[in-house]
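S.K.: Take this structure, written in structure tokens, and hold onto it; I'll ask about it next.
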Amino acid sequence: MLNRSAILMLPAFAMLAFVFLTPLGWFFAQTLFIDSTPTGLWSQITEVLTSRAMLQAIVTTNWISLLVTAAVLLMGYPIAYYLANRRGLRFTLVVFCIVVPYFTSIIVRTYSWMVLLGRTGLINQVLRGAGLIDAPVPLLYNQTSIVIGMTYVLLPYMVLTLFAAMRSIDRTLLLAARGMGASGPMIFWRVYLPLSLHGVISGALIVFILSIGFFITPALMGGPSDVMVAMLIERSVEITLDWTSASVMSLFLLAVTLVLYAIYYRVTDVRRLMGAGG
Amino acid sequence: MHRALPCYVVLVCLLLMAPIVIVVILAFSGEGYLQFPPTSFSLRWFVRFLGDPQWQASLWYSLVIGVIACVIATVLGFFAAYAFVRSDLAGKKLLLSLLLLPIIVPTVITSIAMYFLSARLHLVGNLLWIGICHAVIALPVVLLILLSALQGVDVNLERAALSLGASRARLFLKVVVPLAAPGLISAALFAFLASFDELIISLFLTGVRAQTLPVRIWNSLHMEIEPTIAAVSAFLIGITALVLLLDTLLRGRRAATMDTQR
């Protein structure tokens, strides 16, 4: 009787099909096969994908995403390690500091960094007040500010993913290593790190997946030359009204995202997505 | 090493909280421009935010859309999560990964596709439709929360109810929903938050008629950073804090109900 409950998934799938899959499918079909001339489709695709703007955007997107993933991993690993080995008040406080930004609106988080880094922002005010600089330093609207903003937004994803992986590590293995005479660093490098590696991989994958599609933070914190693929897509719809280009670029970004998601699906439990359920 | 780790953790925690705390402090500034620390405090930016008819309208749109998205996502997500936990369907994992797609696919792509369809169906600016679109994004959030919450509901209680002659509807209303209630409320809260904070879909679908709070923040950030935005941001942070507080209280209840079941 309880097994018949599978039909209860239907309403959710119906919504997914009508509100998510249909618009996507229709958008690609209409812009690529109906609105554009069928003979020139392939040349149009190669033209868009090899255009200067798109190649530049692909390089920028990859570079920023790699930097952000590395930054988030290096910053997040020690925190997750700390959390996995603590209980009580300290644990609660650190989780609080991770979770509050995690659930704060991305636009608010981006705005807060714009306030800090802007020309008349707090960091410039402090530096000027201390007499270290005479004129405001341009901290905002460059690649560094994008990386800072995105690292800030994505750090909680990494910490929560790593924490879920580390908490399931069997502590007796560490004791066994110690009992057999391994030193502290050796236990970490030879036992703990390998055991937490699937957390590292799934955390890095999810952060990279989210990075390559990022829009809000780079659009607000980047300079005129720091255009990521998602921004290029938005611009071709909003500014140049070039739906075919937008469609080709979207299809490309979507394909890369889905391939990475398929890998993520293979290496991890999707129920752990976003650090939930652990 | 033993001292370095806690110091580092404290430092990162400060870094994580500082931007949010600073925005909240700035929101209460008495200054006419963003100066930190403010030399005087006032509620003038909140008065300006809540007294402005346009901001009021945006707040109203955000609330309406958020409630619609929350109701749809929670109801559909609850049934789906129940099905995932209880059925032994083959390919469950694959089906789940499909339902999680909306938070994986770059939102810019989803939004443009939704806009493409909505423009032809004359649905741009329609609050109900925007709410439904947000529900797709909120559904994964509901699912992830309820999958773990429903795992804690003892299947034997449901078997008992069925064997005593309860109908499916009665089983749901009298057994499953009450047992899953704390998780269900948490899921609803986070679904609301997901919609309330959503920017990109709203950016494309609201048009000029129904600009939500995040959309209005976005539009004003392209012009100038004025303290009113700090007040609006502090308001959004306050909503997040409220949701997290309620969730923490519910978590306590959730743990308590699970204990009584054992």
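The values are calculated or read from the model by the stated rules, or taken from the named source; none is laboratory data. The structure displayed is predicted, hence computed values, not measured ones. Methodologically, a virtual Cβ is constructed for each residue, glycine included, from the backbone with ideal geometry; neighbour enumeration extends over all protein chains shown.
S.K.: So A:Thr257 fits all but one of (1) closer than 22 Å to A:Trp26 by Cβ; (2) in contact with a Ser or Thr (Cβ under 8 Å, 6 or more places away or on another chain); (3) of a type outside the set (D, E, K, R); what number is the exception?
M.R.: Answer for A:Thr257: the failing condition is (2).
S.K.: Among A:Thr61, A:Thr22, A:Thr69, A:Thr31, which is within 11 Å of chain B (Cβ to nearest Cβ), surrounded by 13 or more Cβ atoms within 10 Å (Cβ to Cβ) and closer than 30 Å to A:Gln143 by Cα?
M.R.: Result of the check over A:Thr61, A:Thr22, A:Thr69, A:Thr31: A:Thr61.
S.K.: Okay, next question. For segment B:174-242, which helices (runs of 4 or more DSSP H) that fit wholly inside it have 3 or more residues that are buried (at least 22 other Cβ atoms within 10 Å of the Cβ) and out of contact with any Ser or Thr (no Cβ under 7 Å at 6 or more places or on another chain)?
M.R.: B:177-196
S.K.: Go through (1) touching a helix residue (DSSP H, G or I) at 6+ places or on another chain (Cβ under 9 Å); (2) modelled with pLDDT of 90 or more; (3) over 24 Å from B:Ile130 (Cβ atoms); (4) of a type in the set (A, V, I, L, M, F, W, C) for A:Val59 and report which single condition fails.
M.R.: Here A:Val59 meets the rest and fails (1).
S.K.: Are there any pairs, at least 6 apart or on different chains, whose C-beta atoms fall under 8 Å, with the first in segment B:172-186 and under 10 Å from B:Ala149 (Cβ atoms) and the second among the acidic types (Asp, Glu), and if so, which?
M.R.: Short answer, once both residue conditions are applied: B:Leu179/B:Asp154; B:Ser186/B:Asp247.
S.K.: Tell me which residues, restricted to segment B:1-13, are exposed (fewer than 15 other Cβ atoms within 10 Å of the Cβ) and at the interface with chain A (Cβ under 8 Å from one of its Cβ atoms).
M.R.: B:Met1, B:Leu5, B:Pro6, B:Tyr8
S.K.: Looking only at residues that are hydroxyl-bearing (Ser, Thr, Tyr) and either touching a residue at least 12 places away in the same chain (Cβ under 8 Å) or under 17 Å from A:Trp113 (Cβ atoms) (or both) in segment B:14-44, which one is farthest from the other protein chains (Cβ to nearest Cβ)?
M.R.: So the residue we want is B:Ser42.
S.K.: Looking only at segment B:41-50, decide whether some residue is charged (D, E, K, R), part of a helix (DSSP H, G or I) and farther than 30 Å from A:Leu273 by Cα.
M.R.: Yes, segment B:41-50 contains a residue that is charged (D, E, K, R), part of a helix (DSSP H, G or I) and farther than 30 Å from A:Leu273 by Cα.
S.K.: For segment A:73-90, give me each residue that is farther than 16 Å from A:Ile169 by Cβ and more than 9 Å from chain B (Cβ to nearest Cβ).
M.R.: Those that are farther than 16 Å from A:Ile169 by Cβ and more than 9 Å from chain B (Cβ to nearest Cβ): A:Leu73, A:Leu74, A:Gly88, A:Leu89.
S.K.: I've got another one for you. What number of residues within segment B:76-100 satisfy the criterion of being more than 8 Å from chain A (Cβ to nearest Cβ) and within 18 Å of the chain's Cα centre (by Cα)?
M.R.: 2
S.K.: Which condition from (1) within 21 Å of B:Leu14 (Cβ to Cβ); (2) touching a residue at least 12 places away in the same chain (Cβ under 8 Å); (3) away from every other protein chain (no Cβ under 12 Å) is the one that A:Met114 breaks?
M.R.: Failing condition for A:Met114: (3).
S.K.: Quick one: is A:Val95 more than 8 Å from chain B (Cβ to nearest Cβ), β-branched (Val, Ile, Thr) and either in contact with a Ser or Thr (Cβ under 9 Å, 6 or more places away or on another chain) or part of a helix (DSSP H, G or I) (or both)?
M.R.: Here the answer is yes, as A:Val95 does meet what is asked.
S.K.: May I ask you to list the residues in segment A:167-204 that are in contact (Cβ under 8 Å) with a residue 60 or more places away in the chain and either touching an Asp or Glu at 6+ places or on another chain (Cβ under 6 Å) or basic (Lys, Arg) (or both)?
M.R.: Answer for segment A:167-204, where residues must be in contact (Cβ under 8 Å) with a residue 60 or more places away in the chain and either touching an Asp or Glu at 6+ places or on another chain (Cβ under 6 Å) or basic (Lys, Arg) (or both): just A:Arg167.
S.K.: Would you confirm whether any residue within segment A:5-23 is touching a Lys or Arg at 6+ places or on another chain (Cβ under 7 Å), part of a helix (DSSP H, G or I) and within 30 Å of B:Gly165 (Cβ to Cβ)?
M.R.: The answer is yes; a qualifying residue exists.
S.K.: Let me ask something else about it. Looking at (1) under 23 Å from A:Val95 (Cβ atoms); (2) not in a helix (DSSP H, G or I); (3) not hydrophobic (A, V, I, L, M, F, W, C), which is the only condition A:Ser202 fails?
M.R.: (2)
S.K.: Can you tell me which residue within segment B:14-34, out of those that are assigned to a loop (DSSP other than H, G, I, E, B) and surrounded by 16 or more Cβ atoms within 10 Å (Cβ to Cβ), is modelled with the lowest pLDDT?
M.R.: Only one residue tops the list, namely B:Leu34.
Matching residues to (1) small (Gly, Ala, Ser); (2) at pLDDT below 95; (3) surrounded by fewer than 19 Cβ atoms within 10 Å (Cβ to Cβ); (4) at negative phi:
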position	(1), (2), (3), (4)
A:Gly199	yes, yes, no, yes
A:Ile209	no, no, no, yes
A:Gly223	yes, yes, yes, yes
A:Asp226	no, yes, no, yes
A:Val237	no, yes, no, yes
A:Thr240	no, yes, yes, yes
A:Ala246	yes, yes, no, yes
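S.K.: Kindly indicate whether A:Val19 is of a type outside the set (Gly, Ala, Ser) and touching a Cys at 6+ places or on another chain (Cβ under 7 Å).
M.R.: yes
S.K.: Considering only segment A:150-175, how many residues are within 16 Å of A:Tyr77 (Cα to Cα), outside any helix (DSSP H, G or I) and not polar (S, T, N, Q)?
M.R.: Total meeting the criteria: 1.
S.K.: Within the bounds of segment B:98-117, is there any residue that is of a type in the set (Ser, Thr, Tyr) and more than 30 Å from A:Val115 (Cβ to Cβ)?
M.R.: yes
S.K.: Can I ask one more? Do we have any residue at all in segment A:36-47 that's charged (D, E, K, R) and not in a loop (DSSP other than H, G, I, E, B)?
M.R.: yes
S.K.: Among the residues of segment A:121-128, is any within 7 Å of chain B (Cβ to nearest Cβ), within 26 Å of the chain's Cα centre (by Cα) and under 25 Å from B:Pro214 (Cα atoms)?
M.R.: Taking every residue of segment A:121-128 in turn, none turns out to be within 7 Å of chain B (Cβ to nearest Cβ), within 26 Å of the chain's Cα centre (by Cα) and under 25 Å from B:Pro214 (Cα atoms).
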